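Trainee: The structure that follows is given in the form of structure tokens.
The values are calculated or read from the model by the stated rules, or taken from the named source; none is laboratory data. Bear in mind the structure is a predicted one, so any value in this text is a computation, not a measurement. So basically every Cβ, Gly included, is an ideal-geometry build from the backbone, and we count neighbours across all protein chains shown. Heavy atoms of the whole protein, side chains included, go into the accessibility calculation; ligands, DNA and RNA do not. Shrake-Rupley method; radii C 1.70, N 1.55, O 1.52, S 1.80 Å.
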Amino acid sequence: MRFDAAFFDAKSGVGHSSPATSDPPPSYNKTVGDTYILGIESSCDETAAAVVRSGEELISNVVYSQIATHQPYGGVVPELASREHLRAIVPVVRKALEDAGKTYDTIDAVAVTQGPGLADALLVGLSYAKALAYAAGKPLIAVNHLEGHIHAVLLEERQRGQRELQFPVLALVVSGGHTHLYLAEQSEAGWTYRNIGHTRDDAAGEAFDKVAKLLELGYPGGPMVDSLAQHGDPLAVKFPFAQIKHRDRNPKNRHSADERRTDFSYSGIKTAVLRYVEVQNMGEAIRCRREAISKLAKPTPQDFLAVCDQQTLDLVASFQRAVVDDLISKTLAASTEYGVATLLVTGGVAANSELRRTFEVRAADEGVAVLFPSRKLATDNAAMIAAAAYPRFLAKEFAEAEVSSNPALRLG
Ligand code: KG4
Ligand code: ZN
């Protein structure tokens, strides 16, 4: 039941152990002053820096999005991403410190995304953070990006004064690169995670992006699909999802035979949308849309809406409904299986309006609490990295000087 005793102890000096836990671990008993961590994130197409106080208060949050750079290509171009990170990282970090009223001297640690992500993009953030920590004489904390997404929710809950969390906790991390389910536990050594599900192919956000690209709805696709779907009939097109029964053939993803797992798959629905477009002869409408949109410097959702016929809007709404239903049904099934009390839903796709709305209703029916980050902290940011670093700071889990980035870093 304990959310994070360290936060109570740091503030009041009083030990708070919950009935579910034994004596508080020694590290939680000492009084810890305010800790300001500078977080740096560069794993994909956002260069971000933030300052977070003691894992519970967002002091500054700067996100430089590279959308304009990648938009003409309809997806992230890794070489361009690392070049943009190089250009942005110094001003972004300076602004985050300035907004927080902090300097290199007055922060307590530097936290940085170690992986997973694009190799060269990660390298920019990690090299910079390493040099900065070394020059300023501050400890460096390497953070898993997926753990960061989970801590985005925890940070905002603490900020609202909610420090009690009902365990067991199940986290759905659903973004452009990931669709993972983790059982999250908190112990005296910090947080630990057990992966009980993942996508066998595309991530859910990737499916949003690919379907949007196919329909010429711009990049990134998720926010546009979210907005256009509100004008379509979600029951117009049926997209059934198969239950995944066979074991994962990828040897890297093998788990013990008796573990109950919940896997996802989103490449099939993308192909189903493509088939629908072909069978319904929607190619001409898509070409017209591309031409109309290419004439606009900065097309808005209203511009896209104006060039979408009802059939396209119905298709988009049906696609979104199918993905949302699948994500929720599988997560709730896993939640029942593991007797979960609290669900955390996070990552870029957690910004989706229908996902948030429907999850809340269905989780309430099941008697499970569901928590989301604000939309600002659902997509990539550095506040989540600084927040995830705080328990590691308390445990003095600092990175070695030779730490390197890991594009395939796993969690749990
Ligand atoms: O977490 P994130 O910023 O980066 C990764 O770690 O991947 O997630 C980006 C993904 C993209 O695929 C984007 O299309 C999707 O999140 N996304 C959304 C929405 N906002 C962002 N998907 C559905 N609805 C949204 N409102
Ligand atoms: Zn992410």
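Trainee: Could you please give the count of residues in the stretch 280-310 that are open to solvent by 90 Å² or more (accessible area, probe 1.4 Å) and more than 21 Å from residue 222 (Cβ to Cβ)?
Mentor: 7
Trainee: With respect to residue 161, is the statement that it is open to solvent by 10 Å² or more (accessible area, probe 1.4 Å), away from ligand 2 (no atom under 16 Å from the Cβ), of a type outside the set (Asp, Glu) and not in a helix (DSSP H, G or I) true?
Mentor: Answer is yes for this residue.
Trainee: Among the residues of the stretch 175-207, write down those that are open to solvent by 30 Å² or more (accessible area, probe 1.4 Å), over 18 Å from residue 388 (Cβ atoms) and within 15 Å of ligand 2 (Cβ to nearest atom).
Mentor: 176, 206
Trainee: Taking the stretch 169-193, which residues are in contact with a Phe, Trp or Tyr (Cβ under 6 Å, 6 or more places away or on another chain) and not hydrophobic (A, V, I, L, M, F, W, C)?
Mentor: 179, 182, 193
Trainee: Right, something else. Please determine, by comparing only the residues of the stretch 142-158 that are part of a strand (DSSP E or B) and within 13 Å of ligand 2 (Cβ to nearest atom), which one is surrounded by the fewest Cβ atoms within 10 Å (Cβ to Cβ).
Mentor: 144
Trainee: If you don't mind, there's one more thing I want to ask. Between residues in the stretch 359-372 that are closer than 19 Å to residue 321 by Cβ and residues that are open to solvent by less than 20 Å² (accessible area, probe 1.4 Å) and assigned to a helix (DSSP H, G or I), which pairs lie under 6 Å by C-beta distance while being six or more apart or on different chains?
Mentor: 359/328; 362/328; 370/359; 370/363; 372/350
Trainee: Follow-up. Please verify whether residue 106 is touching a residue at least 40 places away in the same chain (Cβ under 8 Å), open to solvent by 10 Å² or more (accessible area, probe 1.4 Å) and either within 22 Å of residue 409 (Cβ to Cβ) or of a type outside the set (Asp, Glu) (or both), treating the condition exactly as stated.
Mentor: yes
Trainee: Could you check the stretch 286-323 and list, in sequence order, the residues that are closer than 24 Å to residue 355 by Cα, assigned to a helix (DSSP H, G or I) and of a type in the set (Val, Ile, Thr)?
Mentor: Within the stretch 286-323, 312, 316, 323 qualify.
Trainee: Given the residues 238, 210, which is the only one that is closer than 17 Å to residue 315 by Cβ, open to solvent by 50 Å² or more (accessible area, probe 1.4 Å) and outside any loop (DSSP other than H, G, I, E, B)?
Mentor: Answer to the selection: 210.
Trainee: I've got another one for you. Could you pull out every one of the helices (runs of 4 or more DSSP H) wholly within the stretch 324-400 that has 3 or more residues that are more than 16 Å from ligand 2 (Cβ to nearest atom) and open to solvent by 30 Å² or more (accessible area, probe 1.4 Å)?
Mentor: Output list reads 353-366.
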